[in-house]
Amino acid sequence: MKKYKLGAISISSLLLCISLFTSNVNADIRSQISEKILNLKEAPHTYSFIVSGHTYGTPSGSMYPAASLLANIQLLNSLNPDFMMLLGDVIQHQGAENGIGELEIEIFKKSLVDKLDFPLFNSPGNHDLSLRNLYEKHFGKTFFHFQHSSELYIVLDTELGPGLSDTTQLDYILKLVKRAKEDNEIKNIFMFLHGTLWAVNNSPLNTINPWVNGGPITVSNNFEKTILPELNLLAKEKNVFLFSGDIGLKDYELNKFPQESFPLFFQKHNNITFIANGLAENENDAVIKVDVSINGDVSFKPISLIGNDLGDIDQYDIEYWQNKFITSDPVKEVQIDVKINIIILKIKTIMKSNFFILGNIFLLFLAFIYIIFLRFRLTKK
């Protein structure tokens, strides 16, 4: 029995390695979402792609993607990207009963995907995978990779096992990281994941953990403990870019409008560039355009979905959001008020104490004695 299990594991590992090193090498990759093909056979050239997270927008009864995204289909096509990478939570009610999930997927494809001129790929989120079989039927594999020129693209499924505990995916990731380290043709590694697993116990990036959708991630995970250390080593030799899409709504409140949002994040730390993006269907909604030059140089541009000038993306770092949220965060204001009230309460408590009362009586007595003494001096003169 043990030999049988070992044999099965060996065969499984061998098949994984064969798949790993042969898939998407000098070939085309078809988007199962859009049925459009990303041509990987062309000679290296300057190209671009668009990234967008949490594209169903604000939680609601709507079965459509975010209105801000649907209103900008023409803009997205005009950017002429080679492909678009979604960062999860594209289908809000995928787990709904009575076939609603399947209907919403159909609406997603007809209202958005079919109207875009380029292939789409997705790093699935928790909303997308409420019914995993349904997702795989319409979207294909939940984790995969492909190579385009000098870039390796790795798409992950952060919902497969708590904290990336699924050993098959974990081994797959580590083998790809090893491959990237050994392959001299690979210059840039792009990794896409829904959850902001890199913001857990990773100072100073854990500063943004309380601002992600659904509140802070508190459970330690394999990305933090196993994958990130390997990426830190890889980043000493190659360019590593990590994208996450589980942001956009800082503190969601039912029926609040507009929602407070955290739409863009960009921070370089330990030679890794950490990027996050998410839609909240308000004036802050934006996507990110990534340009890769023929030499493998990478640049990022935030694209406002209402035509605002968002400036350079690197301004949206930890310091930017700390300044914004500390000055406007009602929770912080409440905390300050509480501290002031505590100080006032302590003063009142001291004033009511016997020691304070006796001390004041004693001071009044000394003042009375001093007044009599002054009067006596004046009278004597």
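The values are calculated or read from the model by the stated rules, or taken from the named source; none is laboratory data. From a predicted model like this one, the values you see are computed outputs, not experimental measurements. A quick note on method: Cβ atoms are made from the backbone with ideal geometry, for glycine too, and the neighbour counts reach across all protein chains shown.
Looking only at residues in the stretch 238-259 that are closer than 16 Å to Asp285 by Cα and out of contact with any strand residue (DSSP E or B) (no Cβ under 7 Å at 6 or more places or on another chain), which one is surrounded by the most Cβ atoms within 10 Å (Cβ to Cβ)? Only one residue tops the list, namely Asp246.
Every condition in (1) within 23 Å of the chain's Cα centre (by Cα); (2) surrounded by fewer than 17 Cβ atoms within 10 Å (Cβ to Cβ); (3) part of a helix (DSSP H, G or I) holds for Ser68 except the one numbered (2). Residue pairs whose Cβ atoms lie under 8 Å apart, sitting 6 or more positions apart in sequence or on different chains, and linking a residue in the stretch 81-105 that is over 20 Å from Phe118 (Cα atoms) to a partner that is surrounded by fewer than 16 Cβ atoms within 10 Å (Cβ to Cβ) and of a type in the set (Ser, Thr, Tyr), are Gln92/Ser60. Within the stretch 283-296, being surrounded by fewer than 19 Cβ atoms within 10 Å (Cβ to Cβ) and free of Cβ contacts under 8 Å to residues at least 60 places away in the same chain holds for Glu283, Asn295. Considering only residues in the stretch 71-92 that are of a type outside the set (Val, Ile, Thr) and part of a helix (DSSP H, G or I), the one that is nearest to Val212 (Cα to Cα) turns out to be Leu76.
Within the stretch 132-159, residues that are touching a residue at least 40 places away in the same chain (Cβ under 8 Å) and within 26 Å of Ala180 (Cα to Cα) have Cβ atoms under 6 Å from residues that are hydroxyl-bearing (Ser, Thr, Tyr) and not in a strand (DSSP E or B) in these pairs: Val155/Ser123, counting only partners at least 6 apart in sequence or on another chain.
Residue check: Leu116 meets all listed conditions (1) modelled with pLDDT under 95; (2) surrounded by 12 or more Cβ atoms within 10 Å (Cβ to Cβ) but one, namely (1). Does the stretch 323-335 include one or more residues that are surrounded by 12 or more Cβ atoms within 10 Å (Cβ to Cβ) and at pLDDT 70 or above? The answer is yes, given that some residue of the stretch 323-335 is surrounded by 12 or more Cβ atoms within 10 Å (Cβ to Cβ) and at pLDDT 70 or above.
Among the criteria (1) assigned to a strand (DSSP E or B); (2) small (Gly, Ala, Ser); (3) over 15 Å from the mean Cα position of the chain (by Cα), the one Ala276 does not fulfil is (3).
Residues checked against (1) out of contact with any strand residue (DSSP E or B) (no Cβ under 6 Å at 6 or more places or on another chain); (2) closer than 30 Å to Phe223 by Cα; (3) in a helix (DSSP H, G or I):
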position: Gln94; (1), (2), (3): yes, yes, no
position: Leu103; (1), (2), (3): yes, no, yes
position: Lys109; (1), (2), (3): yes, no, yes
position: Phe118; (1), (2), (3): no, no, no
position: Phe121; (1), (2), (3): no, yes, no
position: Asn126; (1), (2), (3): yes, yes, no
position: Phe146; (1), (2), (3): no, yes, no
position: Gly161; (1), (2), (3): yes, yes, no
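Taken together, Gly125, Gly101 contain a single residue that is surrounded by 19 or more Cβ atoms within 10 Å (Cβ to Cβ) and more than 21 Å from Gly248 (Cβ to Cβ), which is Gly101. Kindly evaluate Glu230 against the criterion of being part of a helix (DSSP H, G or I) and farther than 21 Å from Asp89 by Cα. For Glu230, the condition - part of a helix (DSSP H, G or I) and farther than 21 Å from Asp89 by Cα - is met.
Taking Asn308 as the residue in question, decide whether it is under 30 Å from Ile186 (Cα atoms), assigned to a loop (DSSP other than H, G, I, E, B), polar (S, T, N, Q) and at pLDDT 65 or above. It is false that Asn308 is under 30 Å from Ile186 (Cα atoms), assigned to a loop (DSSP other than H, G, I, E, B), polar (S, T, N, Q) and at pLDDT 65 or above.
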